[in-house]
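The values are calculated or read from the model by the stated rules, or taken from the named source; none is laboratory data. Since the structure is predicted, the reported quantities are computational estimates derived from the model, not experimental observations. Neighbour counts are summed over all protein chains in view; Cβ atoms, including those assigned to glycine, are modelled from backbone coordinates with ideal geometry.
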Amino acid sequence: YAILSKTGISTVPDSKITGDIAVSPIARGAMTGFSFTMGGATGELSESVQVTGTSYAANSIQTGVPADLTTAVSDMQTAYTDAAGRANSDGARINLGAGLLGGDFGGSTAPLTPGVYTFGTDVSINGDIVFDGGENDVFIIQMTGSLHQFASVSLINGAKAENIFWQVAGHVDVACGKHMEGILLVKTHATFKTKSTLNGRVLS
């Protein structure tokens, strides 16, 4: 799923989402702002001009969908727990930049290399940051607080968004016009403001 949420998905036109979206265990009514039309021979699936894909919910009538979503949510929770439990790679990756990433306000400016980063605070991306790694390298960024993004994220040397995991115990806020890369495993909620973009997934 491009977006999977336990409590709901809201949008303001004209957002664009590429991939399937789903909510569970909550019902379809928790998906708002999409101007859905019913598709399929029996009207069991919902389509939206804002979504290049299909939307699913716990109360979908298509055979197998509720059970599939129960499994997906369980897998999402397992992934969150696994990411949160990974051991930090080394002392240099604990509270890097005191939770400030990017060039502004004294934050860490070095490219992020593969490994596990641990923050016992909120994390603020105040200047553009870069993930530097090969196509098979994995990055895990753990935080006990929230993620506030005021600048953009980019990849170099073959690093892939599918191998970047942001484990966020609080919430995620992406500022207007900024770009994020990676899979967001978020305990509470994620907000993408006007003209912000994501190459990845939101699992919350």
Kindly provide the set of residues from the range 36-54 that are within 18 Å of Ala2 (Cβ to Cβ) and modelled with pLDDT under 90, ordered by number.
Phe36, Gly39, Leu45, Ser46, Glu47, Ser48, Val49, Thr54
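Take residues that are under 8 Å from the mean Cα position of the chain (by Cα) and in the same structural domain as Ile125 (by TED's automatic domain parsing) and tell me which of the strands (runs of 3 or more DSSP E) falling wholly in the range 154-204 contain 3 or more. Let's see the steps before the verdict.
Numbers: elements: 164-168, 172-174, 179-186, 190-192, 197-203.
Ranges flagged: 179-186, 197-203.
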When both residues are 6+ apart or on different chains and their Cβ atoms are under 8 Å apart, which pairs have a first residue that lies in the range 23-37 and is more than 17 Å from Glu47 (Cβ to Cβ), and a second that is of a type in the set (Val, Ile, Thr) and crowded, with 16+ Cβ neighbours inside 10 Å?
Ser24/Val73; Pro25/Val73; Ala30/Ile9; Ala30/Val23
Do we have any residue at all in the range 60-76 that's surrounded by fewer than 17 Cβ atoms within 10 Å (Cβ to Cβ), touching a Ser or Thr at 6+ places or on another chain (Cβ under 6 Å) and not small (Gly, Ala, Ser)?
no
So how many residues does the range 132-149 have that are buried (at least 17 other Cβ atoms within 10 Å of the Cβ) and either without any contact (Cβ under 8 Å) to a residue 12 or more places away in the chain or under 16 Å from the mean Cα position of the chain (by Cα) (or both)?
9
Take Leu69 and decide whether it is among the hydrophobic types (A, V, I, L, M, F, W, C), more than 30 Å from Ala27 (Cα to Cα) and at pLDDT 90 or above.
no
Which ranges mark the strands (runs of 3 or more DSSP E) fully within the range 77-141 that have 2 or more residues being of a type in the set (A, V, I, L, M, F, W, C) and either farther than 19 Å from Ser152 by Cβ or assigned by TED's automatic domain parsing to the domain that holds Leu4 (or both)?
115-119
Pick from the range 6-24 the residues that are touching a helix residue (DSSP H, G or I) at 6+ places or on another chain (Cβ under 7 Å) and in a loop (DSSP other than H, G, I, E, B): which of them is surrounded by the most Cβ atoms within 10 Å (Cβ to Cβ)?
Ser24
Index of the failed condition, Thr78 passing every other in (1) touching a strand residue (DSSP E or B) at 6+ places or on another chain (Cβ under 8 Å); (2) of a type in the set (Val, Ile, Thr); (3) closer than 27 Å to Val138 by Cα
(1)
Residue check: is Ala83 surrounded by fewer than 19 Cβ atoms within 10 Å (Cβ to Cβ), at pLDDT 90 or above and not charged (D, E, K, R)?
yes
Please find, within the range 117-131, the residue that is nearest to Ala161 (Cα to Cα) out of those that are buried (at least 18 other Cβ atoms within 10 Å of the Cβ) and in contact with a helix residue (DSSP H, G or I) (Cβ under 8 Å, 6 or more places away or on another chain).
Tyr117
